[in-house]
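Undergrad: Let me begin by handing over the structure; questions about it come next.
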Protein chains: 2
Amino acid sequence: MGEFELIRRFFTRPTPKAVVGVGDDCAVLQVAPGMQMAISTDMLVAGRHFFHDVDPRSLGHKALAVNLSDLAACGARPMAFTLALALPEANPAWLQAFSEGLWALADSHGCELVGGDTTQGPLTINITVFGEVPASQPGPTGQPGTQALLRSGARVGDDIYVSGHLGDARLALEERLGHIELPPEVRAAVSRRLDWPTPRIALGLALRAVASAAADISDGLVGDLGHILDQSGVGATINASLAIELIASKSYFTRAEAQFDQYNSEQLMRRCVFSGGDDYELVFTASPHRRSAVLAASAAAATPVTRIGQIERAPGLRLIDANAQPMTNTFASFDHFAN
Amino acid sequence: MGEFELIRRFFTRPTPKAVVGVGDDCAVLQVAPGMQMAISTDMLVAGRHFFHDVDPRSLGHKALAVNLSDLAACGARPMAFTLALALPEANPAWLQAFSEGLWALADSHGCELVGGDTTQGPLTINITVFGEVPASQPGPTGQPGTQALLRSGARVGDDIYVSGHLGDARLALEERLGHIELPPEVRAAVSRRLDWPTPRIALGLALRAVASAAADISDGLVGDLGHILDQSGVGATINASLAIELIASKSYFTRAEAQFDQYNSEQLMRRCVFSGGDDYELVFTASPHRRSAVLAASAAAATPVTRIGQIERAPGLRLIDANAQPMTNTFASFDHFAN
């Protein structure tokens with residue numbers, strides 16, 4: 001199977017919304033009047049972001065999901081994506097499963113594959129995704145404004161929220177790395193969270209006029225909230241005990257069995273919740289005056305959200321326990337060149 | 001050096017044209033009223049598209065150039081790009097040189113780096129580039145039209161042109177593979193064409209209202225013209241002898257010395273001109289009534305163009321010699337999974 005046959009067979013479909021789709025030198029997209037284009041790109045490398053023997057169907061899903069998650073964090077509506085794929089060989093069964101996982105998620109968001117590149121090489125997937133967000137009034141110096149949810153918008157006094165549950169994906173990873181053992185039903189549940197993450201598109205859209213800042217949690221809550229704090233020039237306190245109580249799947253952690261001596265289910269849970277990546281939930285901030293609007297957005301998107309802390313003037317992130325005593329924050333964010 | 005330090009140090013610059021640039025979940029671009037966004041993506045893999053010991057400065061240039069070349073082929077004006085980079089290690093000297101090559105070309109086209117991704121892995125570069133093209137009147141069914149130069153627009157009777165010279169980049173590759181030897185000054189000239197290709201942006205823009213179809217020559221003239229023929233539902237005849245005479249750097253080929261027995265300078269030249277990739281010139285078609293407009297576009301863009309054949313009704317591509325006798329067309333296009 002040659003390169004063009006591969007593209008035709010697995011990666012070409014009608015693109016009713018794109019002006020020009022797959023097959024020309026460029027794709028051409030029309031942005032509606034008053035809208036802007038939000039763009040994000042993520043590269044997944046075999047052996048680094050996923051195991052070589054991963055189910056190709058879940059890989060197709062996840063490669064797009066992690067990109068859609070960035071659109072969600074900006075409050076953008078998915079439009080289209082490009083796919084660049086390096087493959088050791090053109091294996092039809094693998095490509096069939098990979099493309100099915102990809103298309104299922106793409107179709108559920110009306111997100112069209114409009115172009116790409118295919119080459120031989122170590123298994124690497126790079127998706128670039130395009131979404132629409134409304135422009136806002138130009139600023140005082142005439143520069144165009146945006147209604148996109150940015151990391152820089154958190155203000156002192158804002159509440160801090162996270163969506164869904166945190167830590168499950170990291171728990172699944174710990175199991176795959178052989179650090180712990182899990183009962184089969186727990187393994188199935190957390191594996192699904194690691195392999196089939198749900199980008200919070202509906203929540204991002206519902207939060208557009210409500211949240212002051214947002215990011216998706218790909219590298220861990222502490223690290224990703226840290227980006228919001230840095231870029232907003234603020235600090236925060238999180239009630240860590242309360243957060244654990246509300247956003248960890250506690251029963252999963254208590255049923256994990258250590259494979260090594262130095263193991264503590266409480267520590268594992270904290271580490272997974274605060275610095276576990278791969279959950280692809282949203283962390284966002286909103287004024288305390290918007291609490292009912294946040295709840296309405298959560299209900300409209302059918303996505304639970306939990307208030308876990310407050311934005312403060314003093315820089316840095318402070319974790320406190322149930323007695324308001326400071327906890328040591330040793331939760332590093334994931335860094336591809338430091339781990 | 002961690003991931004964020006790497007991005008900050010080598011890949012972050014002000015983005016005055018983008019609404020949101022590097023550092024948030026998404027970049028946000030504003031498309032001017034009446035314009036559309038043209039998008040292309042190319043992935044370069046070490047050992048496949050370039051040698052592991054390639055000069056990182058030229059690699060930075062080329063990774064962007066091959067993408068800009070796709071914008072040129074659509075007649076789009078460069079706006080912005082994203083960069084996804086897998087690196088075996090964070091080597092500051094390598095990154096400094098790579099980023100300098102990248103920025104020099106980006107700056108010369110006013111093309112802003114607005115986002116990306118950096119990870120550890122086998123050296124792989126994936127750039128996605130964004131350009132602007134004017135929309136045109138909607139079609140009869142209301143779908144938006146485009147002034148982008150497409151591969152599907154060639155009509156029976158149109159002239160076929162190529163820009164610049166063809167074959168130099170492939171000649172350089174043959175030398176690097178040890179198939180031939182070249183005098184130092186020839187090696188320097190053709191190496192420059194292989195390592196530092198010039199995307200024909202100015203020519204693409206000048207041809208927007210003139211050419212009927214266009215593609216860039218990345219996989220070889222026969223293959224890339226073949227895409228135009230397929231997508232336009234037409235065939236063509238090329239005067240191969242005349243084409244060689246006008247678009248090959250003949251003196252380079254006559255000075256190549258074979259390292260093996262079965263070698264013929266005439267054959268080498270034909271192969272390099274007709275199926276050598278990596279030249280990143282444009283092949284395009286235009287009505288014979290637009291010959292003076294084509295010459296004016298060529299002059300305005302300071303880029304030579306050569307008329308080499310004609311679009312015909314009969315499918316397929318025919319090469320004829322100086323006596324109008326058919327030549328066997330054995331010039332395969334490059335295919336990543338068939339070569």
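Quick note: the coordinates plus some simple rules give every number you see, no bench work behind them. No experiment lies behind these values; they were computed from the predicted model shown. Neighbour counts run over all protein chains shown; Cβ positions are idealised from the backbone, glycine included.
Undergrad: For each cysteine in chain B, check whether another cysteine's C-beta sits under 4.7 Å from its C-beta; list those where none does.
TA: Those would be B:CYS111, B:CYS272, since no other cysteine Cβ in chain B comes under 4.7 Å of theirs.
Undergrad: If we hang a label 7 Å off Cα along the beta carbon direction at B:LEU295, how far is it from the matching labels on the other copies, in nm, shortest first?
TA: Counterpart label points of B:LEU295 in the remaining copies fall at 7.7 nm.
Undergrad: Hey, another quick one. Where a Cα-Cα gap under 19 Å defines reach, which aspartates and glutamates qualify for A:LYS17, not counting those fewer than 8 residues away within the same chain?
TA: Partners found: A:ASP25, A:ASP107, A:GLU112, A:GLU132, B:GLU132.
Undergrad: Determine ³J(HN,Hα), in whole Hz, for all residues of the range A:201-218 in sequence, where each value follows from phi through the Karplus function 6.51 cos²θ - 1.76 cosθ + 1.60 and θ = phi - 60°; x replaces Gly and Pro.
TA: Result, rounded to whole Hz: 4, 4, 5, x, 5, 5, 8, 3, 9, 10, 7, 9, 7, 7, 8, 8, 9, 9.
Undergrad: Sorting A:THR41, B:THR237, B:THR118 on the 10 Å Cβ count, fewest up front, what's the list? Write out the running numbers ahead of the final one.
TA: On the way: A:THR41 27, B:THR237 19, B:THR118 23.
The order, fewest Cβ neighbours first, is B:THR237, B:THR118, A:THR41.
Undergrad: So what is the relative contact order for the range B:1-104, in percent, with contacts set as C-alpha pairs under 8 Å and at least six apart? Please list the in-between numbers first.
TA: Values: 74 pairs, mean separation 32.9, N = 104.
Computed value for the range B:1-104: 32 percent relative contact order.
Undergrad: Continuing with this model, one more query. Mean Kyte-Doolittle of at least -0.5 and a Cα length of 27 Å or more along the axis: which whole DSSP H helices of chain A meet both?
TA: Values: long enough: A:56-74 (28 Å, 0.36).
Those that clear 27 Å and a mean of -0.5 are A:56-74.
Undergrad: GNM, chain B, Cα, under 10 Å: largest mean-square fluctuation among B:ARG77, B:ARG313, B:ARG200?
TA: Maximum fluctuation in the GNM of chain B, among the listed residues, is at B:ARG313.
Undergrad: Further question: Which one, B:MET269, B:MET37, B:MET327, has the greatest fluctuation when you compute a Gaussian network model over chain B with C-alpha springs under 10 angstrom?
TA: B:MET327
Undergrad: Placing a label point 7 Å from Cα toward Cβ, how far apart in nm is A:GLU257 from its equivalents in the other copies, listed shortest first to one decimal?
TA: 7.4
Undergrad: Same structure again: Which distances, shortest first and in nm, link B:ALA188 to the matching position in the other copies, using label points set 7 Å out along Cα to C-beta?
TA: Computed spacing set for this position: 7.0 nm.
Undergrad: For A:SER265, A:SER69, B:SER275, A:SER251, what ranking results if the residue with the fewest other Cβ atoms within 10 Å of its Cβ goes first?
TA: Values: A:SER265 15, A:SER69 27, B:SER275 22, A:SER251 9.
Going from least to most buried by this count: A:SER251, A:SER265, B:SER275, A:SER69.
Undergrad: Another question about this same structure. Using alpha-carbon positions, what is the distance between the centroids of the range A:104-137 and the range B:203-274, in Å?
TA: After rounding, the separation between the Cα centres reads 33 Å.
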